[in-house]
Amino acid sequence: MTDSVRQFTTDDARVRKQDNEKTDGKQVAGRGHDETVVCPECGSTTLISDTEHGETVCDDCGLVVEEDEIDHGPEWRAFNSSEKNSKSRVGAPTTNMMHDKGLSTNIGWQNKDAYGRSLSSRQREKMQRLRTWNERFRTRDSKERNLKQALGEIDRMASALGLPDSVRETASVIYRRALNDDLLPGRSIEGVATSSLYAAARMASTPRSLDEITTVSRVEKDEIARTYRYVVRELKLEIKPADPEQYVPRFASDLGLSDESERRARQLLKTAKEQAVHSGKSPVGLAAAAVYAASLLTNDKVTQNEVSDVANISEVTIRNRYHELLEAEEQIQMP
């Protein structure tokens, strides 16, 4: 047998094998993850799933490749988004703000059954034992107990500071990374949790000063600053220096100032940046001084004591920064 005849015979056998694979109504190309169903009539891979009729149809030749498919969708119909949400039976989405990401089951604290009736004393004792064992199973090792305590601290401090859920989520991710990279030995759980929240707030452009963080934390200011620098360096977090303008909306809102005062405060800070007055100065002090100066210029008039209480900074700092901002404003207006 010549080489050309042998090659022809091999090719013919391969074609017959492919035809046999097509007889069951579909051809599978590539086993494993790349399993693709093709049309047995024309070989097209453009197949459309008709969920209403439970069929898979070829878009090129119209052949019904599969029929009587199982509908994995809901058995109810909804005509608007609110109706769809009210009928949905799925649980809450996963979140990094819980040590188990919200995947475990919680036993409610109400001692009532599904019909709202109070449980008997025997059933209440049983449910209390179940709650105890449920908590023990949710934190099976020291790492999970560490994470549960830290995330609880982050949630408590974020609530006290009025930070949004996005900041809490970011802080939880930062703490998880620190825990996985073994950055906690030699440092307190509260210190790393506070540093994670401080970093997350700055990354989200909703910064809080170290003094504000310290008032709600269980660790000292020096430890927070030291741990923050260590976490940022080890995790290679990219955090820009705090901008004084980021503090202005919150200060103005807490003091009840008008939009005009807020705009004027922003203008004063932009002028200070152009004159390089902000270099080496605390952004919180500059923001507080700008808000105080703007309130006087727009006749809103708040006292230094009120600004000091809102910004958690001394009146001396506000006065010093206030004079520097006005001098910078005068220099830029000079011909």
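Looking only at region 200-218, which residues are of a type in the set (S, T, N, Q) and without any contact (Cβ under 8 Å) to a residue 40 or more places away in the chain?
Thr214
Just to be sure I understand the filter: pairs with C-beta atoms under 8 Å, separated by 6 or more residues or on different chains, first member in region 134-146 and under 20 Å from Arg176 (Cα atoms), second member assigned to a helix (DSSP H, G or I) and open to solvent by 70 Å² or more (accessible area, probe 1.4 Å). Which pairs pass?
As it stands, the answer is Arg138/Lys148; Thr139/Arg145; Thr139/Lys148, since those pairs meet every condition given.
Examine region 254-277 for a residue that is under 22 Å from Leu163 (Cβ atoms), open to solvent by 40 Å² or more (accessible area, probe 1.4 Å) and of a type in the set (Ser, Thr, Tyr), and state whether such a residue exists.
No; the residues of region 254-277 include none that is under 22 Å from Leu163 (Cβ atoms), open to solvent by 40 Å² or more (accessible area, probe 1.4 Å) and of a type in the set (Ser, Thr, Tyr).
Got a sec? Which of Leu197, Leu237, Leu179 is assigned to a loop (DSSP other than H, G, I, E, B) and at pLDDT 90 or above?
Of Leu197, Leu237, Leu179, the one residue that is assigned to a loop (DSSP other than H, G, I, E, B) and at pLDDT 90 or above is Leu237.
When Leu326 is evaluated against the numbered criteria (1) under 14 Å from Tyr247 (Cβ atoms); (2) assigned to a helix (DSSP H, G or I); (3) not β-branched (Val, Ile, Thr), which criterion, by number, is the only one it fails?
(1)
Restricting to region 80-130, name every residue that is among the basic types (Lys, Arg), modelled with pLDDT under 85, assigned to a helix (DSSP H, G or I) and open to solvent by 90 Å² or more (accessible area, probe 1.4 Å).
Filtering region 80-130 down to residues among the basic types (Lys, Arg) leaves 84, 87, 89, 101, 112, 117, 122, 124, 126, 129.
Next, from what is left, pick out any that are modelled with pLDDT under 85: 84, 87, 89, 101.
Keeping just the survivors that are assigned to a helix (DSSP H, G or I) gives 84, 87.
Hit for region 80-130 is Lys84, nothing else.
Do we have any residue at all in region 278-300 that's open to solvent by 60 Å² or more (accessible area, probe 1.4 Å), modelled with pLDDT under 90 and among the small types (Gly, Ala, Ser)?
yes
Looking at region 231-243, I want the residues that are surrounded by fewer than 13 Cβ atoms within 10 Å (Cβ to Cβ) and have a partner that is assigned to a helix (DSSP H, G or I) with Cβ atoms under 8 Å, at least 6 apart or on another chain. Which pairs are those?
From region 231-243, the pairs are Lys240/Arg202; Pro241/Pro283.
Six or more apart or on different chains, Cβ atoms under 8 Å: show the pairs whose first residue is in region 301-315 and at positive phi and whose second is hydroxyl-bearing (Ser, Thr, Tyr).
As it stands, the answer is Lys301/Ser295; Asn312/Ser209; Asn312/Thr215, since those pairs meet every condition given.
Could you check how many residues of region 271-296 are assigned to a helix (DSSP H, G or I) and free of Cβ contacts under 8 Å to residues at least 24 places away in the same chain? Before the answer, list the steps.
In the first step, residues of region 271-296 are kept if they are assigned to a helix (DSSP H, G or I); the result is 271-274, 283-296.
Within this subset, residues satisfying the condition of being free of Cβ contacts under 8 Å to residues at least 24 places away in the same chain are 273, 296.
Adding up the residues that qualify gives 2.
For region 205-234, give me each residue that is small (Gly, Ala, Ser), at pLDDT 90 or above and within 22 Å of the chain's Cα centre (by Cα). Give the derivation first.
Step one: filter region 205-234 for residues small (Gly, Ala, Ser), giving 205, 209, 217, 225.
With the extra rule that they be at pLDDT 90 or above, the set shrinks to 217, 225.
Scanning region 205-234 gives a single hit, Ser217.
Which number in (1) open to solvent by less than 80 Å² (accessible area, probe 1.4 Å); (2) not in a helix (DSSP H, G or I) marks the one condition that Glu144 misses?
(2) is the only condition that Glu144 fails.
The values are calculated or read from the model by the stated rules, or taken from the named source; none is laboratory data. Small disclaimer: the values here were computed from a predicted structure and weren't measured. Reconstructed Cβ throughout: ideal geometry from the backbone, glycine too, with neighbour counts over all protein chains shown. The protein model used for the area step is the full one, side chains on, heavy atoms only, and it has no ligands, DNA or RNA in it. Shrake-Rupley method; radii C 1.70, N 1.55, O 1.52, S 1.80 Å.
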